[in-house]
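Engineer: One structure, as structure tokens, below. Some questions next.
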Amino acid sequence: MLTCQSCGMDVEKDENKGTNSDGSLSTEYCVHCYKDGAFTNDFTLEQYVDKGLEYSPDYRAAKTDSEKETIKKQMIGYLSNLKRWKA
């Protein structure tokens, strides 16, 4: 399965793929993260995670700060292995 190397979204379907600078479809990045050969935001990994957590049902349902922190660490761990965020 192809996944966006910025957010982890499935990019198997063409409608989910971002676009390269030449207009071709990207096989590495999704439509939300990549357009015309550039990222659609200039967030740091930490900013990106904080923004994503706003939409996470698990994070919103967490009952304690400890649960929220665990979810955040898991998200950072996952994303940091994607091409965009690797150091």
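Engineer: As an exercise: evaluate G52 against (1) within 17 Å of T3 (Cα to Cα); (2) at pLDDT below 95; (3) more than 11 Å from the chain's Cα centre (by Cα) and give the number of the one condition it does not meet.
Structural biologist: Condition not satisfied by G52: (3).
Engineer: OK, next. Sort out which residues of the range 22-76 are open to solvent by 60 Å² or more (accessible area, probe 1.4 Å), among the basic types (K, R) and part of a helix (DSSP H, G or I), and write them in order of number.
Structural biologist: K51, R60, K68, K73
Engineer: How do the pairs read when you match residues in the range 49-67 that are farther than 20 Å from G8 by Cα and of a type in the set (V, I, T) with residues anywhere that are modelled with pLDDT of 95 or more and open to solvent by 100 Å² or more (accessible area, probe 1.4 Å), using Cβ under 6 Å and keeping only pairs 6 or more apart or on different chains?
Structural biologist: none
Engineer: Answer with yes or no whether G8 is surrounded by 11 or more Cβ atoms within 10 Å (Cβ to Cβ), in contact (Cβ under 8 Å) with a residue 24 or more places away in the chain and on the phi > 0 side of the Ramachandran plot. Walk me through how you get there before you give the answer.
Structural biologist: Working: surrounded by 11 or more Cβ atoms within 10 Å (Cβ to Cβ): yes; in contact (Cβ under 8 Å) with a residue 24 or more places away in the chain: yes; on the phi > 0 side of the Ramachandran plot: yes.
So G8 fits the description; yes.
Engineer: Given the condition closer than 16 Å to L79 by Cα and among the acidic types (D, E), answer yes or no: does some residue in the range 11-27 qualify?
Structural biologist: Taking the range 11-27 first, the residues closer than 16 Å to L79 by Cα are 11.
Imposing the further condition that a residue be among the acidic types (D, E) reduces the set to none.
Checked against the condition, which is being closer than 16 Å to L79 by Cα and among the acidic types (D, E), the range 11-27 yields no hits at all.
The values are calculated or read from the model by the stated rules, or taken from the named source; none is laboratory data. Worth saying up front: this structure is predicted, and the values here are computed from it rather than measured. Neighbour counts run over all protein chains shown; Cβ positions are idealised from the backbone, glycine included. Only protein heavy atoms, including side chains, enter the accessible area calculation; ligands, DNA and RNA are left aside. Shrake-Rupley method; radii C 1.70, N 1.55, O 1.52, S 1.80 Å.
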